[in-house]
Amino acid sequence: MGIDEIEVQIIQEFSVFEDWMDKYNYLIELGKDLKVIDEKYKVQNNLINGCQSRVWLHAEYNEGKVFFSADSDAVITKGLVSLMIRVLDGQSPDDILNAELGFLEKIGLKEHLSPARSNGLTSMVKQMKLFALAFKAKQRDSIPGDGVPLGKKELEEKIITELKSVYDPEIPVNIYEIGLIYKIQIDDDFMVHILMTLTTPNCPVAESLPAEVREKIKALHGVKDVDLELTFEPPWEMDMLSDEAKLELGIL
């Protein structure tokens, strides 16, 4: 069933209720049907940033479709993520990315949710679309004749190239040349471990920049998954800039 058809179903279901307390109760009931995430995926990397309560979201890609599972420690939030999974689960990356999700406004969620829950819902949708984007990139890279697994050295080179496409907003140089990447490690099963820092702990992109790095690396052909650790030991200093970065900034 397509996304539009599922949205119509949900709009019809919620139209039965006139009182918003009844709609909240229905949302809680929907949460009981949530396709719950496997315990092994309840890790920090699967927590959704921006949610007041804890929400874990995991995605898998199989035969051109994206499949989600999740869990939350709050009943309303569990209902919200269950609703989103119902709409986007089993859809193609393109369909997920193009979904406008107008049903959220039509059933009154945007109007009646608290600001915190509304922000959490927005973060859920964003994360689901980020997964779709990553899987779309994998789909694009998995063309005939390109299915040979990359060697570790070749994969590391691709990771570095991808890191050089990410920029810190405070310094007009990519994060690799700035020296924000402390370590890149690739396991035998092609699990990538990245240790990175930020120019300051109060950096305005303290949440979004590591997430961008993780999703870009995860999208690379041959990467099984990404374990990203953010550290401030040792703290970043200007002498960590590469010669290329210093030249770009006019300090060499």
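Structure notes:
- Among the helices of the chain, those built from whole DSSP H runs whose Cα atoms reach 24 Å or more along their own axis and whose mean Kyte-Doolittle hydropathy is at least -1.0 are 115-141.
- Selection of GluC sites (Glu not before Pro), segment 45-132, meeting DSSP coil and at most 11 other Cβ within 10 Å: GLU63, GLU100
- Expected 222 nm ellipticity per residue - DSSP helices of 4 or more, -39500 (n - 2.57), all of the chain, to 500: -13500 deg cm²/dmol
- LEU249-ASN25 pseudo-label distance in nm [points 7 Å out on the Cα-to-Cβ vector]: 6.0
- Ordering of 159-172, 10-23 by packing is 159-172, 10-23, highest average first (other Cβ atoms within 10 Å, averaged per residue).
- Summing charges over all other residues whose Cβ lies under 10 Å from the Cβ of VAL205, with Lys and Arg as +1 and Asp and Glu as -1, gives -4.
- Distance violations [Cα-Cα > 30 Å] among LYS129/LYS183; LYS23/LYS224; LYS78/LYS129: LYS23/LYS224
- Local electrostatic count at LYS42 - Lys and Arg +1, Asp and Glu -1, tallied over other residues with Cβ under 13 Å: -2
- Annotation: average projected area of segment 3-141 is 8.0 square nanometres, based on the convex hull of Cα atoms across all directions.
- With the gyration tensor restricted to C-alpha atoms of the chain, the semi-axes of the equivalent ellipsoid amount to 37, 22, 15 Å, longest first.
- Principal axis dimensions, segment 65-129 - Cα atoms, whole angstrom, descending: 32, 25, 16
- Near-label residues of segment 28-45 by backbone N, under 12 Å of a point 7 Å along Cα→Cβ of ILE76: 28
Every number in this text was worked out from the coordinates using simple rules, so none of it is lab data. These numbers were taken from a predicted model, which means no experiment stands behind them. Don't worry about glycine lacking a Cβ; one is built from the backbone with ideal geometry, like all the others, and counts go over all protein chains shown.
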